[in-house]
Every structure is written in C-alpha cells, then in structure tokens.
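Worksheet: one structure, shown below.
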Amino acid sequence: MSATPPPVPRESSAPYDVAPPGPTADAGYRDVPAAEGGRAGRGWWDANAQEYLDEHGAFLGAADFCWCPEGLRERDARLLGDVAGLRVLEVGAGAAQCSRWLVTQGAHVVATDVSRGMLAAGAALDRTTGVRVPAVQADARRLPFAEDAFDVAFTSFGAIPFVPDAEAIHREVARVLRPGGTWTFSVTHPVRWAFPDDPGTHGLTANRSYFDRRPYVETDDAGRVVYAEYHRTLGDHVREVVAAGLELRDVVEPGWPADNTEVWGGWGPVRGAYLPGTAIFRARLPG
C-alpha cells in the first residue's frame, strides 16, 4: 500500500441553513425553483437517514460496495479497477459503506455527503466495523478539495439525482481528478422515468413521457419543497459529462439477477426481468 495520505479538505461546503423538512402534504411532477429543489436533499436525508439504513442496510452491508438495487457488487464488477494505493473520492457517500470496502482493498479514501445525518450514521458504522473512513460534509457542486487531488472518484446513486444542476458536479469532479483519473457514477436508468414507480406489473406500462424533465417533488403543508429528484435522459447525462471535459468510456446496464428477491421502491424482480433499473456511467479525465 502506498503511504500517500488522503487529500485534506480546504473547508466544508455544505449549506448549513437548511430547515428540517415537514411531513409531505403533496407530491408529483412539476417545476420548482432550482435553488429550492437543490437544497431540499440535505434536510430530507438528515431526517430519514436512520429509516433508510434500517430498511436497506442489510442489503447494502456495513463495509461492502453495492452499485445498485440489482445487487451488482464492486468485488465482482471491478468497475474502478485495482484501487490499492490510489486516492479515491466518494461523492454523495451516504453512510460510506462503499468507501469502507475500498479501504479494505488498500485505497486511500475520503467520503463526502451533504447530509450530516448520513455522515453520523457512517461514523457509527466506522465504530461497529473497525474500518474508519475520513468523511467531510460537502455539497457535491462545491467540493472542498484542491485540483488534481484524486485518482478515482465515484458515486453510487449519490448527489446527481438530487440537484437540478448535475453538470456542476461533473465539473467539480473533473477539477479534483488528476489527468487520467476516472469518474464512475450510478443513477436510476433514464427510461425508468416513463413508468410508474411500482415494482409490480403495474410498473410495466409507461404513463408519462420519457422527455418530460420535470422533477419529482414533495412539498409540506406550507408549500416548501422537502424532497426533489431530477430526471435526465440518456443524452442529457452524456452531454453533461462531456461538457465537463470528461471522456465517456462505457455505460453499464446491470440485469436483474435471478437470485435477487429484494424489492426496493420501484425496483424488484418483476420489473427487473423486463426493464433496466440502473445505468452506470464510466468516464475519464483526459491525460
């Protein structure tokens, strides 16, 4: 293992003035002000971190690297390659389960997330597993690291779906990667947005336009946005990656394994047999 230490952040870049969300009063697909939608994620994940981990923690593992609800694991897929001795950044890390696994593979990892609640859950998993991951609270659109700080960056369903300006995330990742460094991210497969969020047979019939880019939004009784998730077409993702100066190398669409009986929101074996649920984009900073 290399003795290279993980990069030191300049300062936290998370927006600390976000009020906790109230209960959801209304939900649907509609346009909202970008600033309001983009800052909702931190409060929602702060409030729901433990519930999320109670529901999905066993499937994810405390120190395992799962790319998606299909159950694709990095130990099998090797999408990041050999990380021993490399400086690795996880963006939108949640409780940093993926980062923890990478530490066991000899990587020098730093995990970031906008949610203090998720990072607190990650610190608890550090204590439980005995595998410590340096963690920083940061908005993925304003990463607190110097240029050329990392060899590898990745996110498993983190950050990108929850902001209206994902192109800012790609630009920041490109800035902190060294030339030749890689950026790999998994998101909901864009085609899934045309179908109801239902893991059963009802979810097999399209009911809205694939080209309708209005986000899915939940608001409270006061009309405040408490959750927002943004749709991008396949072409949108490609254009945003390329506009950041990155080269797109591959798009992986995991199938649903026959032995995976997990139902996770709209994901499950019924729909998974017919429709892709996840897209994993692999990019590289030219060097």
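The values are calculated or read from the model by the stated rules, or taken from the named source; none is laboratory data. Values in this document were obtained by computation on a predicted structure and should not be read as measured data. Please note: Cβ atoms are built from the backbone with ideal geometry, for glycine as well, and neighbour counts cover all protein chains shown. Protein only, heavy atoms only, side chains kept; ligands, DNA and RNA dropped before computing areas. Shrake-Rupley method; radii C 1.70, N 1.55, O 1.52, S 1.80 Å.
With the requirement that a residue be in contact with an Asp or Glu (Cβ under 7 Å, 6 or more places away or on another chain) and of a type in the set (S, T, N, Q), what does segment 217-263 give you?
Thr219, Asn260
Quick check on my filter: what residues within segment 29-44 are in contact (Cβ under 8 Å) with a residue 12 or more places away in the chain, part of a helix (DSSP H, G or I) and among the aliphatic types (A, V, I, L, M)?
Passing the criteria: Ala34, Ala40.
Can Ala96 be described as at pLDDT below 95 and either more than 21 Å from Gly268 (Cβ to Cβ) or open to solvent by less than 10 Å² (accessible area, probe 1.4 Å) (or both)?
No; evaluated as a whole, the condition is false for this residue.
Kindly provide the set of residues from segment 126-135 that are touching a residue at least 12 places away in the same chain (Cβ under 8 Å) and either open to solvent by 40 Å² or more (accessible area, probe 1.4 Å) or farther than 10 Å from Arg100 by Cβ (or both), ordered by number.
Residues satisfying the conditions are Thr128, Thr129, Arg132, Pro134, Ala135.
So in segment 5-24, with the set limited to residues that are in contact with a strand residue (DSSP E or B) (Cβ under 6 Å, 6 or more places away or on another chain) and open to solvent by less than 60 Å² (accessible area, probe 1.4 Å), which one is modelled with the lowest pLDDT?
Residue satisfying both the conditions and the ranking: Ser12.
Could you count how many residues in segment 249-287 are open to solvent by less than 60 Å² (accessible area, probe 1.4 Å), outside any strand (DSSP E or B) and under 22 Å from Asp197 (Cα atoms)?
15
Can you tell me which of (1) buried (at least 24 other Cβ atoms within 10 Å of the Cβ); (2) at pLDDT below 95 is the one Ala138 doesn't meet?
(2)
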